[in-house]
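Heads up, the thing below is written out as structure tokens.
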Ligand SMILES: Cc1ncc(COP(=O)(O)O)c(C=O)c1O
């Protein structure tokens, strides 16, 4: 009776990890550290929490799904600054869709992009492999066939765009691309994104840039993004520079505010109008106090710089403790280590037993290839989301177990 597409969704990786280590009690008498999770453990800036408290009289009304003018203005101002955009690229009224966390936006955008058929065949949703689990669920529930693009060290941990078969591109309705990536931390260059957007225009699909980690990077220059690629390419078929593109950003990582559920999508007026239309039927507008605090967080750079520096310090600690492991590399962005350990599940069990550290086996984030091999099997994902002292001590113990 119920929607059978649900059967195609695999268990969330955290449920699989819980089952994997259920029979193990850590041998060490130390507070366990969950480096398997994805939510920053720091607190959002106090000024934002104060704004929420100051808006305590704003919980009665339904907030507008399209967001307050104040929030959209703050978002546009941030985008213009962050990506050095010309002022007329992003229109505050028509091109920004606040979302209650980008997970919501990433999921619902598939409903927008996937039609019954593409060129008479089942539509495809392209995504990197490994991937953020929402891409796959969104694709399946929208009726598309998820096609997983292998990303390994050999491909620079980004999909090889030249390797996507013509037949697949003809059927593609949307393409999820994440930069900086989760879990491998690769950063797509502007040329790479231009090429992906060029394909989107040639084959008429939507390029969905998940730029949720755009503010966490360890390179001298900030990662470039979809908006800059679009600007460089110029208008598409509908005459707008953001044709065939939507980019998602979040406060969950930039401001350590995952609990606020606050992000946005930006795209052409046509795409954003349809996204908002869909959201007005299916999603709640963000509460006014959250919108007010979000506006302040997009407007303030000091805390975002401090957050980035805190992650950089943890990355440095990782390099110090784990740098000698043959499977270690320092990621360019994001908040994860992706370490080749031989067998990810074995390592996860061992780390839990011997060091009370939880990590995710890479295969829980990765679909098997056609030949049955799983490119994530040899890896673990380690989240550096705890404050420095906790990370540093855990990475030290991790080195002893894995070394
Ligand atoms: C790659 C990626 N995209 C999107 C999200 C969703 O972020 P949020 O819904 O908190 O904005 C996450 C969260 O962990 C993520 O890792």
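Where a number appears in this text, it was derived from the coordinates with a stated rule and is not lab data. This structure is a prediction, so every number in the text was calculated from the model and none was measured. Virtual Cβ from ideal backbone geometry, glycine too; neighbours counted across all protein chains shown.
Multiplying the residue separation of residue 319 and residue 278 by 0.36 nm and removing their Cα-Cα distance gives an extension gain of 10.3 nm. Computed from label points 7 Å out along Cα-Cβ, the spacing between residue 58 and residue 373 is 5.4 nm.
Highest average first, the peptides 149-155, 161-167 ordered by how many other beta carbon atoms sit within 10 Å of their residues are 149-155, 161-167.
Normalised by residue count, the range 139-179 yields a Cα convex hull volume of 77 Å³ per residue.
Distance between the C-alpha centers of the range 65-138 and the range 299-324? Whole Å please. The distance from the Cα centre of the range 65-138 to that of the range 299-324 comes to 27 Å. Under the criterion of Cα pairs below 8 Å and six or more residues apart, the relative contact order for the range 156-207 equals 44 percent.
In plain terms, the residue of 328, 336, 69 with the fewest other Cβ atoms within 10 Å comes first and the most crowded comes last, giving 69, 328, 336.
Each peptide in 2-11, 392-401 gets a packing score, the mean of other Cβ atoms within 10 Å over its residues, and the list from highest to lowest is 392-401, 2-11. Volume per residue for the chain equals 154 cubic angstrom (convex hull of Cα atoms). Taking every alpha-carbon pair under 8 Å whose residues sit at least 6 apart, the range 47-300 reaches a relative contact order of 29 percent.
Packing around the peptides 205-215, 46-56, taken as the average count of other Cβ atoms within 10 Å per residue, puts them in this order, highest first: 205-215, 46-56.
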